[in-house]
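What follows is one structure encoded as structure tokens, with my remarks underneath.
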Amino acid sequence: MTRTVFENAIEAGGLVKRYGEVQALDGVDLHVEAGTVFGLLGPNGAGKSTTVRILTTLTRPDAGTVRVAGIDALKDPVGVRRAIGVVGQKHGTDPDATGRENLVLQAELYGLRDRRRVEELLERFGLADAADRQAKTYSGGMMRRLDVAIGLIHTPRVLFLDEPTTGLDPEARTAMWAEIERLAGEERMTILLTTHYLEEADRLASQLAIVDQGRIVARGTRDELKAEMQAATESDTPPSLNDVYLRHAGRAVAA
Amino acid sequence: MTEIRQSWQVSLRYFRVLARQPAFLLITIVQPLIWLLLFGALFKAVTQIPGFGGSGDYLDYLTPGIVVMLAVSSAGWTGMGFIEDINSGVMDRMLVTPAWRGAFNVGSVAQCVVSVLLQTLLIIGLALLMGAEVAHAGALLLVAALLAASFASLSNGLGVLTRQRESLIGAVSLLLLPLTFLSSALMQLSLAPGWIETVARFNPVDWAAVAARDPEPLRIGLLAALTVLSAWFATRAFAVYQRSL
Ligand SMILES: Nc1ncnc2c1ncn2[C@@H]1O[C@H](COP(=O)(O)OP(=O)(O)OP(=O)(O)O)[C@@H](O)[C@H]1O
Ligand SMILES: [Mg+2]
């Protein structure tokens, strides 16, 4: 099997998006190398979800270019949709359907008829026992796991996770981290995740960008960001990621 | 083929809701019966008005009218499902897939059409039991299906565009009665003021009411055209919705 070789799994240039008076994005550039985990950080309303919606073809930018998995998202959104998996900030589970039914519908929407993948995902996300219960009876953690399973149904090459662990208890969060690491490691998926948790970004993402008011205000590896700040502040001790974040986004965030 | 299969899979969602909520199923069954009995009693006198064409039993006249009314009013609420899907995030999760957009609408319309057809069969059955004559049962079913499909699509499109329950409730309550009463669903238009007869010519509910009693290709054709047009509108609405995201 041949696969298109591409350096960057995600390339976005000059993304602009306005909602009436609100300038949600004001020239966002992003490059995510294939096979890496990229963390998008920023305070509430910074433009993270808007960026994700544009990259995942849910909406179009007012200006800018988008290539995902080597495909132009503005010219061939359907092509991009085939290649990507999306877990939105909001739940995407149908509360009236069971876990299994949710997965089967998603498989069918991708044209997949093989039910083995459904069973495999139920198993892997610890939902096998609850598979025939309506999703509205699930706990927050189970619901989120089902969301992620839905996003993985067609084994995407590029995965978008918008705040995958918000609202999860520490144990569920750690399990989700392990799963994200496994997807990036074993399955060689490119992952872009947004988060408010610096700890999460620090652990998972090799490349980071901090967004504020629709602009990328800092980017690089964790160490680059820390070293740059240490140099700029002429400090003797390296700063924490929290210090870096506060310096760039200038506002407090849940740690 | 894929399109049909996707539409079917989407429609399963709605059929399951119907099957899992016995109360809802009960309402679907009881509602047409109440309507027939109630309107039947109320409008019994209407056929005795001098000039009311046809000497037949009032139920013969009323049965198709009730079917038509029921089809529009059931179909009108279909868009509520999409509003719920938008609020819950299910809509976005479906829109990020490469699935054909039309499948989302067709799947939801299919459920509405099946419910309306079941209700129509119930009404026909009860009317027959009550001694009425249903002259064109086949045409009645066809017309009910087309009318339900058009209004379900319109409701879906409106739901996706406004995204607000209040807007859809407003639109349905505003339109339902005028559409019904500016038609021959319950009353022969030869007895109504002239302007109503003129307006009715452009009213899909009247097309259905006329065609249900006297199957004619023109009005059935118009209903079919409206069904296609409103399905197109509902499918296009997704693109407008996505632009606003
Ligand atoms: N559909 C929309 N209509 C109008 N304004 C919007 C819409 N979506 C986002 N916005 C606005 O755009 C800005 C960016 O929002 P966005 O959701 O991208 O932020 P975010 O970084 O994801 O925030 P959070 O961390 O709270 O999820 C905000 O000011 C928001 O109010
Ligand atoms: Mg967000």
- All but one of (1) surrounded by fewer than 21 Cβ atoms within 10 Å (Cβ to Cβ); (2) within 14 Å of another protein chain (Cβ to nearest Cβ) hold for B:SER108; which doesn't? (1)
- Hey, B:PRO98 hits all of (1) modelled with pLDDT under 95; (2) part of a loop (DSSP other than H, G, I, E, B); (3) within 13 Å of chain A (Cβ to nearest Cβ) but one; which does it fall short on? (1)
- Which of the following residues is closer than 21 Å to A:LEU127 by Cα and within 16 Å of ligand 2 (Cβ to nearest atom): A:THR194, A:THR155, A:THR165? A:THR165
- Hey, which of the helices (runs of 4 or more DSSP H) in region B:160-245, taking only ones fully inside, have at least 3 residues that are within 14 Å of chain A (Cβ to nearest Cβ) and not charged (D, E, K, R)? B:217-243
- Item | Residues located in region B:9-25, provided they are within 19 Å of B:LEU95 (Cβ to Cβ) and of a type in the set (Phe, Trp, Tyr) | B:TYR14
- Odd one out for B:SER150 among (1) buried (at least 19 other Cβ atoms within 10 Å of the Cβ); (2) free of Cβ contacts under 8 Å to residues at least 60 places away in the same chain: (2)
- Message: Looking at A:ALA128, A:ALA107, A:ALA46 in this structure, which one is more than 16 Å from ligand 2 (Cβ to nearest atom) and assigned to a loop (DSSP other than H, G, I, E, B)?
- Response: A:ALA128
- Query: Which residue, of B:PHE151, B:PHE82, is more than 14 Å from every other protein chain (Cβ to nearest Cβ), assigned to a helix (DSSP H, G or I) and of a type in the set (Phe, Trp, Tyr)?
  - Reply: B:PHE151
- Message: Condition check: surrounded by 22 or more Cβ atoms within 10 Å (Cβ to Cβ) and over 13 Å from A:GLY214 (Cβ atoms). Does A:VAL37 satisfy that?
- Response: yes
- Message: Looking at region B:167-184, can you tell me whether even one residue there is surrounded by fewer than 22 Cβ atoms within 10 Å (Cβ to Cβ), touching a residue at least 12 places away in the same chain (Cβ under 8 Å) and hydroxyl-bearing (Ser, Thr, Tyr)?
- Response: yes
- Task: Could you look through region B:27-48, keep only residues that are exposed (fewer than 15 other Cβ atoms within 10 Å of the Cβ) and farther than 18 Å from B:ILE124 by Cα, and pick out the one that is farthest from the other protein chains (Cβ to nearest Cβ)?
- Result: B:GLN48
- Item | Sole exception among (1) more than 16 Å from ligand 2 (Cβ to nearest atom); (2) without any contact (Cβ under 8 Å) to a residue 12 or more places away in the chain for A:VAL118, by number | (2)
- Query: From the residues in region A:58-95 that are within 16 Å of ligand 1 (Cβ to nearest atom) and within 7 Å of chain B (Cβ to nearest Cβ), which one is nearest to B:PHE82 (Cα to Cα)?
  - Reply: A:GLY92
- Item | Residue in region B:205-245 that is farthest from ligand 2 (Cβ to nearest atom), counting only those that are touching a residue at least 40 places away in the same chain (Cβ under 8 Å) and hydroxyl-bearing (Ser, Thr, Tyr) | B:THR227
- Message: Suppose the filter is of a type in the set (Asp, Glu), under 30 Å from A:GLN207 (Cα atoms) and in contact (Cβ under 8 Å) with a residue 24 or more places away in the chain; does A:ASP94 pass it?
- Response: no
- Of (1) surrounded by 21 or more Cβ atoms within 10 Å (Cβ to Cβ); (2) over 19 Å from A:GLU123 (Cβ atoms), A:ARG203 satisfies all except one. Which? (1)
- Message: Let me spell it out: the conditions are (1) more than 16 Å from ligand 2 (Cβ to nearest atom); (2) at pLDDT below 85; (3) of a type in the set (Val, Ile, Thr), and A:VAL253 meets all of them except one. Which number is the exception?
- Response: (1)
- Task: Only residues in region A:42-57 that are over 15 Å from A:VAL22 (Cβ atoms) and within 14 Å of chain B (Cβ to nearest Cβ) count as the first member; pair them with residues that are within 8 Å of ligand 2 (Cβ to nearest atom) and among the acidic types (Asp, Glu), Cβ under 7 angstrom, at least 6 apart or cross-chain, and list the lot.
- Result: A:VAL52/A:ASP162
- Message: crowded, with 24+ Cβ neighbours inside 10 Å, more than 14 Å from every other protein chain (Cβ to nearest Cβ) and touching a residue at least 60 places away in the same chain (Cβ under 8 Å): is that true of B:GLY131 in this structure?
- Response: no
- Message: Just to be sure I understand, how many residues within region A:19-43 are part of a loop (DSSP other than H, G, I, E, B) and among the hydroxyl-bearing types (Ser, Thr, Tyr)?
- Response: 1
- Any residue in region A:15-29 that is within 14 Å of chain B (Cβ to nearest Cβ), closer than 30 Å to A:ALA131 by Cβ and either in contact with a Pro (Cβ under 8 Å, 6 or more places away or on another chain) or within 15 Å of ligand 2 (Cβ to nearest atom) (or both)? no
- Task: With the condition kept exactly as written, say whether any residue in region A:100-110 is in contact with a strand residue (DSSP E or B) (Cβ under 7 Å, 6 or more places away or on another chain) and either within 12 Å of chain B (Cβ to nearest Cβ) or surrounded by 24 or more Cβ atoms within 10 Å (Cβ to Cβ) (or both).
- Result: no
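The values are calculated or read from the model by the stated rules, or taken from the named source; none is laboratory data. Treat the numbers as computed from the prediction; the structure is a model and nothing was measured. With ideal geometry, Cβ positions are generated from the backbone for all residues, glycine too; neighbour counts draw on all protein chains shown.
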